[in-house]
C-alpha cells in the first residue's frame, strides 16, 4: 500500500504527533534523565563491552569493560567527541566520519536524541516487515551532527522504533539501524539492542543491559588537563 506523505508545514496539527512519536522513541534509549547501561559491541572481528554513562544534558561517556578496552573511554559533550586512551594525556578528537564506526558509533547512538537533534520534516503511514508504521523524515537541527537526514520507521502499536536510515549531507547512506524488541528495567521499557549496517557492508551489533538509574559523576565528563 502506497504511503501517503503528510507535510507537517501544511498540517500543523500533526507536527505535535511527530514530536510525541520521537519523544516515545527516545525514552526507550534514555529512560531516565541520568543513567548507566552496559553496552556490548560486536562485529565480525571482535566483541567489546562498555559502560555507558549519560547525564541530564545529553552528554555521554563510554568506559571500556572488556580486557582490550580497559582504560579506554569515549567522551561525548554536546556535538563533540573524544577518545581517551591509556598512557596518553591528550584526548583524541573524533571526526564526524569516525563517529560512524566501532565504539564511536555506539557512542554516537548513545548520544543521539531524535527529538532534540532533529526536526520532523514529514510524516507518512507505511508498512515495513508487514507491520503498520509511521515513517518520519527528519532533518538535523545543527550542522555538527554526523547524520544530516534520518528516515525513521516506528511501529504504530506501542510506538516502537523498527528501522532508521542515517544519511550524510551529500545524501549518501551512512548506516542503517534495526532496533530490537523492548525489554524492561526497573519498571521502565528500555531498548534491548540494535544492529547497525554500514553502507560498505560492515555490521555492528549493539546489546544493552544492566540499566541503572542515576549514578553519573560530573567529574567523569571532564577532559584531562581541563581547567575546573
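Please treat every number below as a calculation from the coordinates, not as lab data. Here the structure is a predicted model, which is why all the values come from computation and not from measurement. For neighbour counting, all protein chains shown are included, and Cβ atoms are generated from backbone atoms with ideal geometry for every residue, glycine included.
Assuming 0.36 nm per residue, please report the length gained on full extension of the stretch residue 42 to residue 219 beyond their Cα-Cα distance.
Here the answer is 60.8 nm.
By how many degrees, between 0 and 90 and to the nearest 10, does the Cα long axis of helix 102-111 differ from the longest principal axis of the chain?
Rounded to the nearest ten degrees, it is 60.
Can you classify segment 156-228 as rounded, prolate or oblate using the Cα gyration tensor, where a ≥ b ≥ c are the square roots of its eigenvalues, rounded means a/c under 1.5, and otherwise it's prolate if a/b beats b/c and oblate if not?
Oblate is the answer for segment 156-228, as a/c is 1.5 or above yet b/c matches or exceeds a/b.
Tell me, in nm to one decimal, what length is gained between residue 125 and residue 139 on full extension, where the rule is 0.36 nm per residue of separation less the Cα-Cα distance?
Details: separation 14, 0.36 × 14 = 5.04 nm, distance 1.83 nm.
Once the chain is fully extended between residue 125 and residue 139, it gains 3.2 nm.
Okay, helix-only estimate at 222 nm for the chain: each DSSP H run of n ≥ 4 adds -39500 (n - 2.57), divide by all residues, round to 500 deg cm²/dmol; what do you get?
Rounded to the nearest 500, the figure is -4000 deg cm²/dmol.
Could you check the simple spin-label distance between residue 68 and residue 188, using points 7 Å along Cα→Cβ, in nm with one decimal?
Using points 7 Å along Cα→Cβ, the separation is 3.2 nm.
Please rank 21, 159, fewest neighbouring Cβ atoms within 10 Å first, as an exposure proxy.
Numbers: 21 21, 159 16.
Ascending number of Cβ neighbours within 10 Å: 159, 21.
Quick one: if you take sqrt(5λ) for each eigenvalue of the C-alpha gyration tensor of the chain, what semi-axes come out, biggest first, whole angstrom?
Computed over the chain, the values are 30, 18, 18 Å.
Work out, step by step, the length gained on full extension between residue 181 and residue 198: first 0.36 nm times the residue separation, then minus their alpha carbon distance; give nm to one decimal.
Details: separation 17, 0.36 × 17 = 6.12 nm, distance 2.09 nm.
Full extension from residue 181 to residue 198 adds 4.0 nm.
With a ≥ b ≥ c taken as the square roots of the eigenvalues of the C-alpha gyration tensor of segment 110-198, please select rounded if a/c is under 1.5 and otherwise prolate if a/b is larger than b/c or oblate if it is not?
Prolate shape, in that a/c is at least 1.5 and a/b is the bigger ratio.
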